[in-house]
Structures are given as C-alpha cells and as structure tokens.
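The values are calculated or read from the model by the stated rules, or taken from the named source; none is laboratory data. Source: prediction; values computed, not measured. Using ideal geometry, Cβ is built from the backbone for each residue, glycine included, and neighbour counts are taken over all protein chains shown.
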Amino acid sequence: MREVSALVERNYMAVEPIALVPAEGPGDGMFQSRDPQSGYTFLIGPPQADLGLWRKCMDGAREVYRNFGTEDALEYDKVIDGRSTTLFGVALDSDGRAVAGMRVSGPYKHVDEVHAVASWAGLPGEVAFRRMVADQIPAGVIEGKAGWTARDVEHRGVLVDWIARAYVHSMMLLDVRYEVGVAPEHALRCYRSSGANVAWWIPASSYPDDRYRTVPVWYDMQTYRSVATESQVRLIDSEVLEFAKSGQKLPTAWARGEGLA
C-alpha cells in the first residue's frame with residue numbers, strides 16, 4: 001500500500017489543517033481529527049483498533065435505526081463481531097459519547113459479495129447495477145454502510161457532513177478507486193456534497209421498506225472532487241493532511257480484507 005503522505009502529495013492541495021487529537025485513550029492508534037467549532041472528535045480505523053469504541057458506534061447506530069423502524073437493515077447481530085467490517089468511523093462529543101458513525105466493507109473480489117447489489121435481487125435495474133459494480137471491481141471497490149447521526153445533539157449538520165467525508169477517507173485509506181452503496185432519496189444531497197454519483201438509470205427501490213425510495217450511489221476517487229462542494233473538499237483536504245502528519249498507515253493486510261479476526 002502507498003504511504004498516506006504520497007497520496008496527499010498526488011491528490012490533495014495544501015490547506016490549513018484541523019488539529020490532530022493525540023493518540024491517547026479511546027481510539028488510540030486510529031486516524032483522528034477534531035472540529036474546533038463543535039468540539040467533536042472524528043476517528044477512523046478498523047474495529048480491532050478499539051473494540052469498545054466499535055461497539056459504542058454500532059450501539060448508537062442501532063438506537064437510531066430502531067427509532068426509524070429500520071433496525072433489521074443494520075444487521076446488528078451479524079456484524080457486531082467486526083469481522084465483516086474493514087474500517088469504521090465514529091464521532092465523539094466532549095463527554096466521549098458516540099454521536100455519529102459509519103462503516104465500510106471490502107475491498108471485494110466479486111460482485112456477489114456486495115450487499116447493496118444483493119439487496120437489488122429481483123428488482124428493476126438489477127442487471128444494470130450488477131454490471132456497474134462488476135466493471136468497477138478490478139480498480140478496487142468497497143461498500144459504505146450504516147451511516148447515522150444522533151438526533152439530540154448540537155451542530156448536527158457538522159456530523160452529517162463528516163459522515164459523507166468519511167466515505168471518501170475510506171477509499172483513500174484502503175487504496176481503492178470506488179465505493180458503492182445505496183441511499184434514500186432524502187439523503188442524496190448529503191452524499192453528493194462529498195462527491196457521490198447517483199445511478200439515475202437504475203429505478204429506485206423500496207428499501208428497507210415502502211416508506212423509502214432508495215437508489216444506488218457510488219464514489220470515484222478520480223472524479224469525486226468535481227462533484228463535491230468546495231467546503232467539503234477543503235475539509236477533506238485538511239483532514240487528510242492530519243492523517244499524513246500522524247505517521248500512521250494501515251497494514252497492507254487490512255487493505256486486502258485480511259487479518260480481521
């Protein structure tokens with residue numbers, strides 16, 4: 001895997017960085033940054049880096065999904081051991097409470113491994129969705145899942161924007177070109193803000209139930225900057241510079257989806 005610093009030099013412009021939180025306490029060894037206005041700390045790493053923090057993240061997701069009546073879509077019992085998750089992101093408030101999070105799986109070797117594609121089985125556009133992802137796999141594909149933010153917090157917009165950026169960071173950290181997922185139509189503005197493309201030619205589905213119109217989305221590491229908002233690009237750049245300064249890098253085995261015991 002290439003060094004994070006090399007990716008910064010090639011892909012990112014120099015901007016004023018956000019201060020890096022020292023690697024002490026929760027998330028020790030994970031990539032960390034802090035939003036100075038809201039006070040939230042953002043962390044990204046594999047579940048094995050801090051299993052307690054991973055569980056806090058997924059417990060927060062379960063609470064939010066349960067409130068919306070979509071807990072089954074989270075597959076909590078299936079994923080809580082962390083084996084199917086390559087990276088997760090979590091935001092902590094000043095009291096150490098998990099207030100937002102996300103996770104990614106992959107990189108994948110075959111289209112049949114992609115949960116988003118499997119969820120489209122038997123639906124209009126299934127063939128087109130499979131073909132799109134199959135064509136992307138040789139360049140590296142991961143899957144974004146389980147994005148959530150707490151409802152009872154201040155500066156919630158900061159958290160929503162960070163979740164969208166965390167998917168971009170995951171592509172960079174895992175050295176893949178693409179990230180795929182599905183999103184309800186009401187959330188598309190959020191993901192578009194960080195560079196997501198919408199597969200407009202694939203009909204929307206009612207997933208996870210009839211209350212939602214959900215569509216496939218994907219990120220392309222080579223073109224996301226032309227889609228993302230200027231403010232999101234600036235924040236992505238400053239956070240990546242902090243990752244480079246930390247001197248940390250992910251082991252190659254994680255990028256291959258190995259070592260997830």
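Restricting attention to the range 181-198, the residues being part of a helix (DSSP H, G or I) and either under 12 Å from the mean Cα position of the chain (by Cα) or closer than 18 Å to Val158 by Cα (or both) number 8. Only one entry of Arg156, Arg151, Arg103 meets the criterion of being among the basic types (Lys, Arg), closer than 20 Å to Tyr191 by Cβ and at pLDDT 95 or above, and that entry is Arg103.
Number of residues in the range 53-107 that are surrounded by fewer than 18 Cβ atoms within 10 Å (Cβ to Cβ), in a helix (DSSP H, G or I) and of a type in the set (Phe, Trp, Tyr): the value is 1.
Scanning the range 57-79 turns up one or more residues that are more than 17 Å from Glu143 (Cβ to Cβ), within 17 Å of the chain's Cα centre (by Cα), among the basic types (Lys, Arg) and modelled with pLDDT of 95 or more. Suppose we keep only residues that are assigned to a helix (DSSP H, G or I), of a type in the set (A, V, I, L, M) and free of Cβ contacts under 8 Å to residues at least 40 places away in the same chain within the range 118-131. Which one would you say is surrounded by the fewest Cβ atoms within 10 Å (Cβ to Cβ)? Top of the filtered list is Val127. If you go through the range 132-153 and pick out every residue that is surrounded by 12 or more Cβ atoms within 10 Å (Cβ to Cβ) and either β-branched (Val, Ile, Thr) or more than 17 Å from the chain's Cα centre (by Cα) (or both), you end up with 11. For the range 74-106, a residue qualifies if it is more than 18 Å from Val158 (Cα to Cα) and in contact with a Leu (Cβ under 6 Å, 6 or more places away or on another chain), and the qualifying residues are Arg83, Val104. Considered as a group, the residues in the range 160-171 that are touching a helix residue (DSSP H, G or I) at 6+ places or on another chain (Cβ under 6 Å) and either in a strand (DSSP E or B) or of a type outside the set (Lys, Arg) (or both) include one that is surrounded by the fewest Cβ atoms within 10 Å (Cβ to Cβ), and that residue is Val160.
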